[in-house]
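The values are calculated or read from the model by the stated rules, or taken from the named source; none is laboratory data. From a predicted model like this one, the values you see are computed outputs, not experimental measurements. Backbone-built Cβ (ideal geometry, glycine too); neighbour counts: all protein chains shown.
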Amino acid sequence: MVGVLGRDLWIVWMKSHTSATLCLLMATMDPHKKLLTLLKRHFGFSSFRPLQREIVEDSLNGKDVVALLPTGGGKSLCYQLRAMAAEGLTLVISPLIALMKDQVDAMSELGIPATFLNSSLTPEESLERRRGLDEGTYKLLYIAPERLVMEGMLDQLKRWHLAFVAIDEAHCISEWGHDFRPEYRQLASVRARFPEVPVMALTATATQRVRDDIVKLLELRDSRPYVASFNRPNLSYRVIARHQPLEQIVEVLDAHKGESGIIYCLSRARTEAVAKALAERGFKACAYHAGLTPEERTRRQEHFVNDKAPIIAATIAFGMGIDKPDVRFVIHHDLPKNLEGYYQETGRAGRDGLPSECVLLYSPSDYAKLIGFIEEISDAQEKESARAHLGKMMRFAESARCRRIELLGYFGETYANEGGQTLDSCGACDNCLTPRESFDGSEEAQKILSCALRIHRKSGFSVGLHHLVDVLCGAKTEKIRKFGHETLSTYGIGTGHGRAAWLAYAQELAEKGLLVVRTDKFNIAEVTDKGLEALRGKQTVMLRRPLVSAKLSTEQRHKQRQKTGAVEVATELFEELRALRLRLARERGLPAYMVFSDATLQAMAALCPQSRDEMLDVVGVGEKKLAQYGDSFIEILRGWKQRKT
């Protein structure tokens, strides 16, 4: 900011606080400097994140925009800044009314006039807000898609001088997205009624197919897609074999003492069991799932956001639109259904840019459970799509390659440095920190391939990997008895390894092309020509040791934090700043992060500003927050410096 206006001019501006002064200054600036001025004044940032400036400028020029930015990549700022840079009302369509209050409170803390209309308001509150909208008090209005199509709402928007529409979580409009919501299909009514009003569609995850749906179904015109890198460099990824999961969860929690995190579980009962077990061990944890009443869900979400229960065990009903930036870990107790959902859920960690950890507790048995759910889907095309997505998720879990490379590859992106050089390791995931040993697995390969062929010869059809492994391990299942597979010579020959290991080896043979898993035929596994050569002993087959459940050593965890951007600051000072932040937040009835983020506190601890002037150099410190909180934090920082000199 100092480089834009000059420090002296900025201080004069700060002291004046008059609308006339602001208007005069803004009128004399070119558009780019105007945006930078607003960026610093309201958000405390002196520069844009990738693509933010281009997205905002295109929208200000009247163009429709599709913005695909990763969670934590600054999507909200695009429409908030755009709203402050133009006349008229910005309509923000958001799918979760439970989060609107938090979003509006956050805007108030930034000095941005915003409101919401939803069913949580009393008639008196709703009437008061509508009066404010009539008077032009607000720059942003948050509503859910269902309310938009209520009788009279479009007429009211016209009266309120609608100038811009932002559609958050836009992937919900597509049946190919991971969170399809039918009510989003009605949003095209805005375009029909307000054909000249520019639309910005925002999402964190969307394949090309979903992006095409967004453009078509929202009736966007000549929209330019902005697709940022899917890489979240501050996140580390670990997949470990699930074994005594409670102890494994506690190990992660112990590494993040006093920090906030989410534990995703497949079932409602599991969330309750995990939360109860953690509470019995002294952790402030609660459960969240769709079986709770709306009031109880709201209460528990507020406890999480306000750090009264910083650990939450939840189904995927929890999370979309969560604004809490200081989530330091996300644990998946069970295998997610697809990589898009996994990416979205892990993306709720570290939204403030600080190092955060993502841990998946994996058991091959999860696959069978999820396939069971998929088989209940009536639509054949939807069922096939779900099977394919689950197969890709399982291959990710089993892979020995760098997790970051695998995840980016799913979205069609190559992992590279700033110079464009392709990288083969992130140095921070489990496969990079603790590479799995390879061994001569020719004998294991021959047992798997031989078993697959003998099943086909006896029955005239092939089977899935799970049934194949059951035969190898000598399981006594109804399906084995039904087809007489217990009579095969390969029945029970897999005593040298456990079921999970055999399944991992079979998956790897599929990766190597020795088996092919036919997703178009119920995920059956068939031996390829390459597999026949291996069965005849014509090649050595190297396999990886299965996933283990080992803990990270202190050295490995330190390396993980360094690779994800950890900055060393004085712990004592940082904790003093956090304590002050918590006190100020509770006085105002706000979540602590709405005062200042952890990233801003770390920057304060590193720079140790001694005056208001110097405080403006700290990322995340804008005009209103400096006026509200600056002196209190400067007092702590001055005291610290005096003690250290």
Next item on the list: List the helices (runs of 4 or more DSSP H) that sit entirely inside the stretch 461-549 and contain at least 2 residues that are of a type outside the set (S, T, N, Q), buried (at least 19 other Cβ atoms within 10 Å of the Cβ) and in contact with a Cys (Cβ under 8 Å, 6 or more places away or on another chain).
Entry: 465-472
Notebook entry, point to check: Of all residues in the stretch 190-210, how many are assigned to a helix (DSSP H, G or I) and under 27 Å from ARG232 (Cβ atoms)?
Noted result: 3
Notebook entry, point to check: Can you name the condition, by its number, that GLY391 falls short on among (1) assigned to a helix (DSSP H, G or I); (2) touching a strand residue (DSSP E or B) at 6+ places or on another chain (Cβ under 6 Å); (3) surrounded by fewer than 21 Cβ atoms within 10 Å (Cβ to Cβ)?
Noted result: (2)
Item checked: Of all residues in the stretch 394-442 being polar (S, T, N, Q) and touching a residue at least 24 places away in the same chain (Cβ under 8 Å), the one that is surrounded by the most Cβ atoms within 10 Å (Cβ to Cβ) -> ASN431
Next item on the list: Scan the stretch 339-348 and give yes if some residue there is in a strand (DSSP E or B) and small (Gly, Ala, Ser), otherwise no.
Entry: no
Margin query: What's the total number of residues in the stretch 359-407 that are within 22 Å of the chain's Cα centre (by Cα) and within 14 Å of ASP334 (Cβ to Cβ)?
Written below: 10
Notebook entry, point to check: Of the numbered conditions (1) in contact (Cβ under 8 Å) with a residue 24 or more places away in the chain; (2) surrounded by fewer than 16 Cβ atoms within 10 Å (Cβ to Cβ), THR122 satisfies every one except a single condition; which is it?
Noted result: (1)
Notebook entry, point to check: Just checking, which of ALA416, ALA445, ALA506 is modelled with pLDDT of 95 or more and not basic (Lys, Arg)?
Noted result: ALA445
Note to self: Any residue that is over 28 Å from GLN244 (Cα atoms), polar (S, T, N, Q) and out of contact with any helix residue (DSSP H, G or I) (no Cβ under 9 Å at 6 or more places or on another chain) - is there at least one of those in the stretch 502-523?
What the structure shows: no
Margin query: Restricting to the stretch 155-174, count the residues that are free of Cβ contacts under 8 Å to residues at least 40 places away in the same chain and either crowded, with 16+ Cβ neighbours inside 10 Å or at positive phi (or both).
Written below: 0
Item checked: Residue list for the stretch 95-144, filter: touching a strand residue (DSSP E or B) at 6+ places or on another chain (Cβ under 9 Å), in a helix (DSSP H, G or I) and of a type in the set (Gly, Ala, Ser) -> ALA106, SER108, GLY132
Check: Which of the residues that make up the stretch 256-306 are closer than 27 Å to THR554 by Cα and either under 21 Å from the mean Cα position of the chain (by Cα) or touching a residue at least 60 places away in the same chain (Cβ under 8 Å) (or both)?
Finding: HIS256, GLU259, SER260, GLY261, ILE262, ILE263, TYR264, ALA285
